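See below for the structure under consideration.
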């Protein structure tokens, strides 16, 4: 099994281009199930989750052609190629998303809505993914039931049937859908219900819809394909159903996936935690307001080029890090709040800040498996329920640690980059789900990091 070996203490220097968003690309790819015509995406990252989604779509009767952007690295530290992914339906009779594929990724569940809407039937295995706490799919099912779907559970599979209309066709029916839960809205649940509603008969109003940029991106693709959607980016989304969708067409080159705001935030902290000098291009400033606010509190500034006042602009930013970092308090919340997917990375940074910091996890209260691993590296962290109290220390010390999930892995890599001595991070297959060849990017920035094989871990 792969591991990272890192010798810390080297300031990172150089330029990185932020890749397309994994969390946006997966539901965008699933949306290709909604039409018989070709759908083309660009900017799709080359990640294990993406490769597993390709396998899943192929098993559901789609032909998928990819240019993952591999090969020689370009001058900006990233692989060449535009991340093109072209999908077209070859067998619309396939409706089963099998366990052996869906178990590998949480986002496998996002084929449920498109399958049900386009093919009238769906049998989807309960999803897998990271061990970061309970993430039930009850809101997905509640939303689809509101659209008229009959849903049963059968041996670990969700089986959904659309109702029959007056013409004998299976078609969902537009309704008022409430997607609020104890932890707020559901991103993948919103993606599923919105994708299902675009082909439903009548109008669907989704209340407490997720406001995340990834949902806006999905909505933009669906509109390009002929859907009628209002209110994207707000907690109330209205979908007027249409009879069919078309593809993306060949004239524009396809739909471009938005930049990965979590990757962007991770590399900002990588520069800051090593007191480096890093420039990031294709940076989604408009998607990271709460994160950048907390960094400003810590004392980190971003020197931006480009029109940062224009929503949707893609900026070039340079990270400027002070000699010492300030403590801060952060609370994870649904967008536009502080992202839960940057919680572990921020915590790694705050272990080296002056004074006492506090991080409260409101989305996944048990998402603290990285805490004992950071403690092994000398971090002073105490957990009290959904809150971690962090007393800054002068230095971290390299140690063997274990990655438990995708973003915890990233936090441990950041800690290793700053730590004195050598850090070995085991089970980095988690990291490969969300970061494209991270070790190569960090090497090009001057980090001493290598991927190695570890036996029996």
Query - For the stretch 10-57 versus the stretch 382-432, the gap between their alpha-carbon centres in whole angstrom - result: 26 Å
Query raised in the report: Cα centroid distance between the stretch 246-293 and the stretch 221-235, in Å?
Result: 22 Å
**Report entry** Volume per residue that the Cα convex hull of the stretch 22-256 spans, once the total is divided by residue count, Å³
**Finding:** 126 Å³
Query raised in the report: Which shape class, rounded, prolate or oblate, goes with the stretch 158-258 when its Cα gyration tensor gives a ≥ b ≥ c as root eigenvalues, a/c under 1.5 marks rounded, and past that a/b bigger than b/c marks prolate?
Result: oblate
Query raised in the report: Restricting the count to DSSP beta bridges whose residues both fall in the chain, what percent are antiparallel, rounded to a multiple of 5?
Result: 75 percent
Requested in this report: Give the order of 35, 182 when sorted by the count of other beta carbons within 10 angstrom, beginning with the fewest.
Outcome: 182, 35
Report task. Return the distance in nm (one decimal) between the two label points of a simple spin-label model at residue 166 and residue 178, each offset 7 Å from Cα along Cα→Cβ. Result -> 3.1 nm
Query - the chain: calculated mean residue ellipticity at 222 nm from DSSP helix runs of at least 4, using -39500 (n - 2.57) - result: -8000 deg cm²/dmol
Query raised in the report: Once the Cα atoms of the chain are picked out, what are the Rg and Dmax in Å?
Result: 21.8, 71
**Report entry** Net lengthening on full extension, residue 358/residue 395 (0.36 nm per residue, minus Cα-Cα)
**Finding:** 11.5 nm
Query raised in the report: Bin by bin, in steps of 10 Å, what percent of the Cα pairs in the stretch 286-372 do you find, going until the bin that has the longest distance?
Result: 16, 45, 31, 8, 0
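Bear in mind that the values in this text are calculations on the coordinates, not laboratory data. The shown structure was predicted, so the numbers you read here are calculated from the model rather than taken from an experiment. Positions of Cβ are backbone-derived with ideal geometry, glycine not excepted, and every protein chain shown enters the neighbour counts.
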